Amino acid sequence: MAFAVLVNTWDNRRNCQSRNHVGREPTRRTVRYSCVKNPFRPCPAQWPKVLGAAAVGGAATLFVARNFFPTEKKIGHEIITDYAAGDDVFIRTMGNLLGPPLLKGNKVTALENGDEIFPSLLEAIRSAQHTITFENFLFKEGEVSDAFARALAERARSGVKVHFLQDALGCDCVHGRAMNLVRQAGVQLEIFRFINLVMNFRTHRKLLVIDGRTGYLGGTGIADDWKGDGRTQGRWRDSHYRLEGPAVAQMQQAFMDNWLETRAELLHGDEYFPKLEPAGDDMCQVFKSSAGEGSDSARLMLLVSIAAARRHIRIANAYFIPDRLCMQTLLDALRRGVKVEIITPGPDIDARTVRAVGKTRWRRLLEAGARFYEYEPARFHCKYLLVDDCWASVGSANLDNRSLSLNEEANLNVLDEKFVAAHTRVFEEDKSYSREITLDDWRERPWSEKIRGRVGSLLASQM
């Protein structure tokens, strides 16, 4: 950059000299004072270009520093627990060290794929009487986004207070027809970090709370790509969850976390935080992580969950790129005799490099006895962790550095044997549509995939 500015300066000096002395030979004094005295100083007409180049260079440097050289320290030592998932000390650790307390009296309903998820979300929006709070990452223009825009707009026109927080990076239609409709209808719309030199620290949360009483979260984007039954090539297989009971207030607080940052408006009172009666038997916690509160929290939750496993770990994840400590914690679990099964996307994926990078981490796990499966019928976007038939973590967080250290995420943690048993049946069904990848299969994967994985690993911190 400095060399380029210097070359431009000399060129500009020559151009300046030519313009100043057209039609006559420059005198010795003219040459000496206009060009020789300070050859590194551009003529006045060129200062805007020089300053512009400096500004661009400074912005580029700041962009690289903020995104590729984080200053926050991450825990690196081995995590060993003398307690198991479900023990009292495990519950206290999860509730006091890593997030809000686990609360009794909740009911969690799992929803699978767009055919179930979208009708339930739209019905909930249309049923709102007082307030809607909606935080979202991916919003892609199409039939689904139009349907959500119409539902939100109708409620706003009916007097419901509708608050919509949409991430800038995840939206391809910030000024499209759907967004314009909700604006015109009176929805309070905020675009999260629209002008920012940082591509990281996005809100990847998918939260919808109706009247402060019913909440939804999961991995589903508001896009036509999620339509269907999760068995169609090019479409997404995904899970979402409806929550009723006292833990809904924690979900509402997770929304308020970023609403306050973006709009600096306090939403409070009975319309947002009503008294919540028990709705079921599930013990739950809505767990959030964010850069502002220490983005490593989601990673710690995952590590403690794996370290506390004693019998079985089931992982279904769209972007499985465990870091060194996560790898070590999984290997420790395998050495303890814990059975580890992992479902990841197959060849039908939107991010082939991410898949290739993730597979570079498989060898040691396969050699230690972990079993890997690749989902084949459609694009796999689920994000759930099941531990010891009693503990589940579901929501928006992937098992990669982007989710565990960079993005704003929200997960629902559930301590309930019946819920985990039901979700285990979902895992087994997903597994039945998957192909197991053995160590020999891993070794024989195409060279193009191996090279892509090795090269892409240089940017693993951004994946």
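The values are calculated or read from the model by the stated rules, or taken from the named source; none is laboratory data. Small disclaimer: the values here were computed from a predicted structure and weren't measured. Virtual Cβ from ideal backbone geometry, glycine too; neighbours counted across all protein chains shown. Keep in mind that these areas ignore ligands, DNA and RNA; they rest on the heavy atoms of the full protein, side chains included. Shrake-Rupley method; radii C 1.70, N 1.55, O 1.52, S 1.80 Å.
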Calculate, in nm to one decimal, what Glu271 and Arg425 gain on full extension: separation in residues at 0.36 nm each, minus their alpha carbon distance.
-> 51.7 nm
If you take the alpha carbon radius of gyration of the range 200-351 and divide it by 2.2 N^0.38 Å, what ratio comes out, to two decimals?
-> 1.22
Relative contact order [Cα under 8 Å, 6+ residues apart], the range 337-416, whole percent = 27 percent
Could you rank the peptides 231-237, 440-446 by their average count of other C-beta atoms within 10 Å per residue, with the highest value first?
-> 231-237, 440-446
What ranking of Asp350, Asp167 comes out by heavy-atom accessible area, probe 1.4 Å, highest first?
-> Asp350, Asp167
Could you work out the mean projected area of the convex hull around the alpha carbons of the range 192-261, in square nanometres to one decimal?
-> 6.3 nm²
May I ask you to evaluate 6.51 cos²θ - 1.76 cosθ + 1.60, the Karplus curve with θ = phi - 60°, for each residue of the range 152-168 and list the ³J(HN,Hα) values in order in whole Hz, giving x for glycine and proline?
-> 5, 5, 4, 5, 5, 5, 7, x, 6, 7, 10, 10, 10, 10, 10, 5, 5
Fully extended contour minus Cα-Cα distance, from Lys418 to Leu439, at 0.36 nm per residue | 4.2 nm
Find how much the distance from Glu78 to Lys450 grows on full extension, using 0.36 nm per residue of separation minus their present alpha carbon separation; answer in nm with one decimal.
-> 131.0 nm
Sequence-distant residues sharing a close amide H with Gly395 (under 5 Å, placed H) | Lys383, Leu412
Restricting attention to the range 218-311, which GluC sites (Glu not before Pro) occupy a DSSP loop and are surrounded by at most 12 other Cβ atoms within 10 Å?
-> Glu265
Show which lysines lie in cross-link reach of Lys275 when reach means a straight Cα distance below 21 angstrom and same-chain residues fewer than eight apart are skipped.
-> Lys104, Lys107, Lys161
Accessible area of Arg454, 1.4 Å probe, to the nearest 10 Å²?
-> 150 Å²
For the peptides 119-132, 142-155, what is the packing order when you average, over each peptide's residues, the other Cβ atoms within 10 Å and list the highest mean first?
-> 142-155, 119-132
Whichever lysines have a C-alpha closer than 20 Å to that of Lys140, once near sequence neighbours (fewer than 8 apart) are set aside = Lys206, Lys227
Scale the Cα Rg of the range 310-463 by the rule-of-thumb value 2.2 N^0.38 Å and send over the ratio, two decimals.
-> 0.99
